[in-house]
Amino acid sequence: MMNDWLNQSRYTVVFTGAGMSTESGLPDFRSSSHGLWNKQDPSKIANTDALNNNVDAFIDFYRSRVLNVKDYKPHKGHQILADWENQGLIQSIITQNVDGFHQVAGSKHVAELHGTLQKLHCQSCGRKYSSEAYVDRDYYCECGGILRPSIVLFGETLPQQAFQTALTEAEKADLFIVLGSSLSVTPANQFPLIAKDNGAKLVIVNREPTELDKFADKVIHHRQIGDVLQEWDNAR
Ligand code: APR
């Protein structure tokens, strides 16, 4: 059935979360086993209050994430999605992930709702830096401001361009596939519903139940995303 949907769909959009990158070795946030937020309270570190009032802990946490992501790479699932885009089977990816792995694997049409760890910018003057600045220099801009990763912290607004692209893509989709997200964070978790409201079939592949399973046309739990994508690719 899934392959029929994929082959018959006119406009397929894939929506990914941190579960898309655990098979590359990166932790997700809320997996009951070893999600990042099970060890670190996000309200204490993943917001501008931490950046302004607890800067050393903020930088330690994010500098290690920025440097750590350089030691990992996309897995077969990212590669399959890039190949499918190249073959015209899927049209775009909306991702909550900040690791940049979809682009490294070759995907071109990627909306990064929560920004990227691959770039930094000065919290005071906005000057942009590559993530190498966390290697080459301490975490201050020439202007004296703090260098932070160009990701969306809790309480910050999403990048306008990525949000608008995601909205357009969700409205155009007739097949919307969620891969590896608990769908627990707004406004990102609204896009599957926007697609559904616009007549799309909604498919959710996630190891654990998500908050939107009841709206899905098909739910696949307790499976690894890489294996599911490989199976669909083999059956084409
Ligand atoms: N295959 C299938 N599902 C998986 C796999 C896998 N290999 N690995 C993890 N999962 C599932 C987990 O069961 C979990 O439900 O992926 C889901 C990931 O959910 P979260 O950890 O909540 O990540 P995500 O939904 O991307 O979080 C959204 O929250 O903290 C913010 O900004 C952060 O972008 C993030 C946002």
Inset, instruction - Taking only the range 85-109 into account, find how many residues are closer than 17 Å to Gly226 by Cβ and either within 16 Å of the ligand (Cβ to nearest atom) or aromatic (Phe, Trp, Tyr) (or both). - result: 7
Inset, instruction - Can you tell me which residue among Leu113, Leu167, Leu117 is under 15 Å from the mean Cα position of the chain (by Cα), of a type in the set (A, V, I, L, M, F, W, C) and over 17 Å from Leu51 (Cα atoms)? - result: Leu113
Inset, instruction - Among residues belonging to the range 35-50 that are buried (at least 18 other Cβ atoms within 10 Å of the Cβ) and part of a helix (DSSP H, G or I), point out the one that is farthest from the chain's Cα centre (by Cα). - result: Ala50
Inset, instruction - Looking only at the range 52-75, decide whether some residue is closer than 30 Å to Gly199 by Cβ, within 16 Å of the ligand (Cβ to nearest atom), buried (at least 18 other Cβ atoms within 10 Å of the Cβ) and hydrophobic (A, V, I, L, M, F, W, C). - result: no
Legend entry - Where a residue in the range 93-105 is without any contact (Cβ under 8 Å) to a residue 60 or more places away in the chain and its partner, wherever it lies, is more than 11 Å from the ligand (Cβ to nearest atom) and in a helix (DSSP H, G or I), with Cβ under 6 Å and at least six apart: Ala105/His78; Ala105/Gln79; Ala105/Ala82
Legend entry - Given (1) outside any helix (DSSP H, G or I); (2) in contact with a Ser or Thr (Cβ under 8 Å, 6 or more places away or on another chain), index of the condition Ser32 fails: (2)
Legend entry - Given (1) under 23 Å from Phe191 (Cβ atoms); (2) within 16 Å of the ligand (Cβ to nearest atom), number of the condition Ala82 does not satisfy: (2)
Legend entry - Subset tally (residues that are more than 14 Å from the chain's Cα centre (by Cα) and at negative phi) for the range 82-104: 9
Inset, instruction - For the range 143-156, state whether one or more residues are closer than 23 Å to Lys76 by Cα, modelled with pLDDT under 95, among the small types (Gly, Ala, Ser) and over 17 Å from the mean Cα position of the chain (by Cα). - result: no
Legend entry - Condition check for Lys196: farther than 12 Å from Gly19 by Cβ and buried (at least 16 other Cβ atoms within 10 Å of the Cβ): yes
Inset, instruction - Evaluate the range 12-28: report whether one residue or more is out of contact with any strand residue (DSSP E or B) (no Cβ under 7 Å at 6 or more places or on another chain), surrounded by 19 or more Cβ atoms within 10 Å (Cβ to Cβ) and without any contact (Cβ under 8 Å) to a residue 40 or more places away in the chain. - result: no
Inset, instruction - Name every residue in the range 90-137 that is among the hydrophobic types (A, V, I, L, M, F, W, C), at pLDDT 95 or above and crowded, with 18+ Cβ neighbours inside 10 Å, in order of residue number. - result: Ile90, Ile93, Ile94, Val98, Phe101, Ala105, Val110, Ala111, Leu113, Leu117, Leu120, Cys122
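The values are calculated or read from the model by the stated rules, or taken from the named source; none is laboratory data. As the structure is a computational prediction, the values presented were derived from the model and not from experiment. As a convention, Cβ positions derive from the backbone with ideal geometry for all residues, glycine included, and neighbour counts pool all protein chains shown.
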